[in-house]
Amino acid sequence: MGKISYVRLKGSQSLRLRLLLSTLSSTPVLIEDIRADATWPGLRPHEVSFLRLLEKVSDDCVVEINETGTKLKYKPGIVMGGRHLVHDCGTSRAIGYFLEPLIVLGLFGKKPLNIRLKDIEYRLPLVGITNDSKDPSVDTFRSSTLPMLKQFGVPSEGLDLKIESRGVPPHGGGEIILSIPIVQDSLKAINWIDEGMVKRIRGVTFSTRVSVQFENTMIHAARGIFNRLLPDVHIFTDHKAGPQAGKSPGYGITLFAETTSGCFISADTAVSYGRGEDEGEVEDEKKELSPPEDIGVQIASTLLGEIEQGGVVDSTHQGLLFLLCALCPQDVSKVRVGKLSPYGIEVLRHIRDFLGVKFVIKPDPSTETVILKCVGCGLKNLSRKAA
């Protein structure tokens, strides 16, 4: 066996994205100087947890970390998928941090994925924090991300996300089950530039270890804004009690707008006692949380801002949209987005470096949106054929 050639990278930025693209392109990477000058140098707990997750869903994947955690060698294996997998995501980041790369990898696995994630056919149960203010909520993935996959030819059968219990910072306790089907050959190139008009707004509030009245207050505040704009607004409640309420008090709301052309634009937030600045430190629980009325108004305004920006997806989903376009067959994909987000720009750069796919970016001054075109790299699900 010949010597393995590693692509050398530096720093901790975009570590999750680098590892995902490394796996998809079968490119071994050597990442050095990971927070080498920080007070707490090296990999963070959620990054180590993500590496362990990659080991669970892959075969022959090799991870080497030095003693200080500032140097990482990663040789990707074959994505296997599989049923009845379980992963504890910890509490330093929410389950949403793990979901985006997991969904993409699941599409190109040898078997459908089914996994339980704690605080998800790729059925993997995931355990941890289901809702926080930093990462997209599991409700956003269920209402907006999974429908977006269907645009690329991902079958509906076997595509599911179930929320078993809720968990918020600092102690988590949430659990979901994610099922992702495999693509039989490759994704489908798309021409997706028509945002359409908003025809309905849906949403869900949740509360754990606080009064259900918090949810009613958020709904009333959000509807106060939307009812002046369109009549079809329904926001549902999801109050959890007992073991399903996780280990910490909190509440939050996820809203999404569906357009006449099948686009889903989403926004979400959650309120709880957060994690402290230092590892393991928890904010003083005597600190007052933001009032639910303010949260309802804030998230409704955020959703309206996303709709105003235009585009077929919201700013949170830009990176995933670009990645799926780059993985399509060697045919032209064309999409429209609003103002490019910093994460979206970072994804475009890494797609160029790992997959060799370059996007043509053309602003549309009439709508203040951006149209992007690319020829996909033609990634095929070779893991399935090895079965």
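The values are calculated or read from the model by the stated rules, or taken from the named source; none is laboratory data. If you're wondering where the values come from, they're calculated on a predicted model, not measured in any experiment. Reconstructed Cβ throughout: ideal geometry from the backbone, glycine too, with neighbour counts over all protein chains shown. For accessibility, only protein heavy atoms count, side chains too; no ligands or nucleic acids. Shrake-Rupley method; radii C 1.70, N 1.55, O 1.52, S 1.80 Å.
Here are a few things to note about the model shown:
- Of all residues in the stretch 236-277, those satisfying the criterion of being among the charged types (D, E, K, R) and outside any loop (DSSP other than H, G, I, E, B) are Asp238, Lys240, Glu258, Asp268, Arg275.
- Number of positions in the stretch 84-109 that are of a type in the set (A, V, I, L, M, F, W, C) and open to solvent by 20 Å² or more (accessible area, probe 1.4 Å): 2
- For the stretch 349-386, the set of residues classified as open to solvent by less than 40 Å² (accessible area, probe 1.4 Å) and within 20 Å of Glu306 (Cβ to Cβ) consists of Asp364, Thr369, Val370, Ile371, Leu372, listed by residue number.
- When Ile163 is tested against (1) under 19 Å from Pro101 (Cβ atoms); (2) open to solvent by less than 50 Å² (accessible area, probe 1.4 Å), only condition (1) is not met.
- Selection status of Gly81, among the small types (Gly, Ala, Ser), modelled with pLDDT under 95 and open to solvent by less than 30 Å² (accessible area, probe 1.4 Å): yes
So that you can scan it fast, the table gives a plain yes or no per residue for (1) touching a strand residue (DSSP E or B) at 6+ places or on another chain (Cβ under 9 Å); (2) open to solvent by less than 10 Å² (accessible area, probe 1.4 Å):
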residue: Phe214; (1), (2): yes, no
residue: Ala221; (1), (2): no, no
residue: His239; (1), (2): yes, no
residue: Ala245; (1), (2): yes, yes
residue: Phe256; (1), (2): yes, no
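- Check on His234, of a type outside the set (A, V, I, L, M), in contact with an Asp or Glu (Cβ under 8 Å, 6 or more places away or on another chain) and open to solvent by 50 Å² or more (accessible area, probe 1.4 Å): no
- The set of residues from the stretch 154-177 being within 14 Å of Gly106 (Cα to Cα) and modelled with pLDDT of 95 or more comprises Val154, Leu159, Asp160, Leu161, Ile177.
- In the stretch 19-52, the qualifying residues are those that are among the aliphatic types (A, V, I, L, M) and in a helix (DSSP H, G or I), and the one that is farthest from Lys75 (Cα to Cα) is Val48.
- Selection status of Pro76, at pLDDT 95 or above and buried (at least 18 other Cβ atoms within 10 Å of the Cβ): yes
- No other residue among Leu320, Leu303 is in contact with a Leu (Cβ under 6 Å, 6 or more places away or on another chain) and either part of a loop (DSSP other than H, G, I, E, B) or closer than 30 Å to Tyr273 by Cα (or both) apart from Leu303.
- Residue list for the stretch 284-301, restricted to those being modelled with pLDDT of 95 or more and open to solvent by 70 Å² or more (accessible area, probe 1.4 Å): Glu293, Asp294, Gln298
- Filter result (among the acidic types (Asp, Glu), within 26 Å of Pro101 (Cα to Cα) and touching a Cys at 6+ places or on another chain (Cβ under 9 Å)) within the stretch 180-208: Glu195
- Residue check, Asp194 more than 23 Å from the chain's Cα centre (by Cα), at pLDDT below 95, under 30 Å from Leu107 (Cβ atoms) and open to solvent by 40 Å² or more (accessible area, probe 1.4 Å): no
- Look at (1) in contact with a Phe, Trp or Tyr (Cβ under 8 Å, 6 or more places away or on another chain); (2) open to solvent by 10 Å² or more (accessible area, probe 1.4 Å) and you find that Glu175 fails only one, number (1).
- Within the stretch 26-63, the only residue that satisfies the criterion of being more than 26 Å from Thr91 (Cβ to Cβ), surrounded by 17 or more Cβ atoms within 10 Å (Cβ to Cβ) and not aliphatic (A, V, I, L, M) is Thr27.
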